[in-house]
Amino acid sequence: MTRWGILATGHIASRFAEDLRLVPDAELVAVGSRAADSAQRFAETYGAKRAYGSWVELAADPEIDVIYVATPHAAHHEAAMTCLTAGRAVLLEKPFTLDLASSTELVDTARDAGVFLMEAMWMRLNPIIRRVVELVEQGAIGTLRTVRADFGVAGPFPPEHRMRNPALGGGALLDLGIYPISLAHLLLGVPQHVRSWAHLGPEGTDENTGILFGYDSGAVATLSCGMVGASELSASITGSAGRIDLPEPFFRPGSVTLHRDGFAPETISAEEAGNGYQYEAIEVQRCLDAGLTESPLVPHTTTLEVMTLLDTIREQIGVRYE
């Protein structure tokens, strides 16, 4: 039995707690929040045995094997460091932190302590996405040529909302853009060329962002994210001998369509259950059972490479966090 703690009590924490019920041999032991009443309500709702009014108390609970950190972006570093230094394994919500330097510090801390740490990039662990990667690697669509993906939401968000607040890592890039960027990285790796442009809001955070990755292989990735209009949330992967279309939402598709030259289109689907967060919990438990300190499916190197790309893009579009 893997004993879980959840740090934070917001929307994502709630969805994760719901899906944890679908994971074999998983038990929600405790929840922690800076507001004791919020922690108590969360514990009562999701059946946690204990509720703590501080992160330190949660991390000190000796009956917890791993803690899922679900705070807003700007608190990821502090929360994860609190858990790691207490010797607790950590599943840290994406994006890892606000920048490469603080992400590297977390990875170094986990490695030095021999404690498990993984970014909660649930898209990489989705069964359909993993099948797409297999198809590409098997040459089902030939040599990979292009990846297209976009993630836009309608908004508008009020000035005080975290999506507009630079102190909270606001803007479209970290919250939404990380998905198309991670998809391109998953399929094509680190680009040799990065070009980006964005329209910034009055607070200095990006409202509408376009990104182009170029690869020496000749492949390109055209990516976009924004909070000024609801986009299709789709993606398409094109190769020299076919194409894979990922419908809305591309980061958690119920099915994909494989188009191959000379063949009828083929729909590939899988049974959907829960919110899709159970797969990252299953991977964490698999790694802990195997004595691993990082996941081979979401390795530290991948997290740091994606964070490097996010830093590069922020520099190009002129977004600064406080």
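The values are calculated or read from the model by the stated rules, or taken from the named source; none is laboratory data. Quick caveat: nothing in here was measured; it's all calculated off a predicted structure. Positions of Cβ are backbone-derived with ideal geometry, glycine not excepted, and every protein chain shown enters the neighbour counts. For accessibility, only protein heavy atoms count, side chains too; no ligands or nucleic acids. Shrake-Rupley method; radii C 1.70, N 1.55, O 1.52, S 1.80 Å.
Points worth noting:
- Residue count for segment 137-174, restricted to those that are farther than 27 Å from PHE213 by Cα and part of a helix (DSSP H, G or I): 2
- Residue within segment 90-97 that is open to solvent by 10 Å² or more (accessible area, probe 1.4 Å) and assigned to a loop (DSSP other than H, G, I, E, B) present: yes
- Candidates THR267, THR308, THR302, filtered to the one that is open to solvent by 40 Å² or more (accessible area, probe 1.4 Å), within 30 Å of GLY242 (Cα to Cα) and not in a loop (DSSP other than H, G, I, E, B): THR267
- Within segment 270-299, the set of residues being open to solvent by less than 30 Å² (accessible area, probe 1.4 Å) and not in a loop (DSSP other than H, G, I, E, B) comprises GLN278, GLU280, ALA281, GLU283, VAL284, GLN285, CYS287.
- Qualifying residue in segment 280-291 (condition: under 23 Å from HIS185 (Cα atoms), in contact with a Phe, Trp or Tyr (Cβ under 7 Å, 6 or more places away or on another chain) and among the charged types (D, E, K, R)): yes
- Restricting attention to segment 53-78 and to residues that are among the hydrophobic types (A, V, I, L, M, F, W, C) and open to solvent by 10 Å² or more (accessible area, probe 1.4 Å), the residue that is farthest from the chain's Cα centre (by Cα) turns out to be ALA60.
- Qualifying positions in segment 240-260 - open to solvent by less than 10 Å² (accessible area, probe 1.4 Å) and hydrophobic (A, V, I, L, M, F, W, C): ILE244, LEU246, PHE250, VAL256, LEU258
- Every listed requirement among (1) open to solvent by 30 Å² or more (accessible area, probe 1.4 Å); (2) part of a loop (DSSP other than H, G, I, E, B); (3) in contact with a strand residue (DSSP E or B) (Cβ under 7 Å, 6 or more places away or on another chain) is met by ARG131 save one, (2).
- Verdict on LEU173 being open to solvent by less than 10 Å² (accessible area, probe 1.4 Å) and not β-branched (Val, Ile, Thr): yes
- Set side by side, the residues ILE211, ILE237 differ, and just one is part of a strand (DSSP E or B) and either under 20 Å from GLY170 (Cα atoms) or open to solvent by 60 Å² or more (accessible area, probe 1.4 Å) (or both), which is ILE211.
- Of all the numbered requirements in (1) part of a helix (DSSP H, G or I); (2) of a type in the set (Asp, Glu); (3) in contact (Cβ under 8 Å) with a residue 24 or more places away in the chain; (4) surrounded by fewer than 21 Cβ atoms within 10 Å (Cβ to Cβ), GLU322 misses one, and that requirement is (1).
- None of GLY114, GLY142 is out of contact with any strand residue (DSSP E or B) (no Cβ under 9 Å at 6 or more places or on another chain), surrounded by fewer than 18 Cβ atoms within 10 Å (Cβ to Cβ) and farther than 29 Å from ALA230 by Cα except GLY114.
- Some residue of segment 197-212 being in contact (Cβ under 8 Å) with a residue 60 or more places away in the chain, within 25 Å of PRO299 (Cα to Cα) and touching an Asp or Glu at 6+ places or on another chain (Cβ under 6 Å): no
- Selection status of MET81, among the aliphatic types (A, V, I, L, M), in a helix (DSSP H, G or I), open to solvent by 10 Å² or more (accessible area, probe 1.4 Å) and in contact with a Ser or Thr (Cβ under 8 Å, 6 or more places away or on another chain): yes
- Scanning segment 214-223 for residues that are in contact (Cβ under 8 Å) with a residue 60 or more places away in the chain and open to solvent by less than 40 Å² (accessible area, probe 1.4 Å) gives ALA219, ALA221, LEU223.
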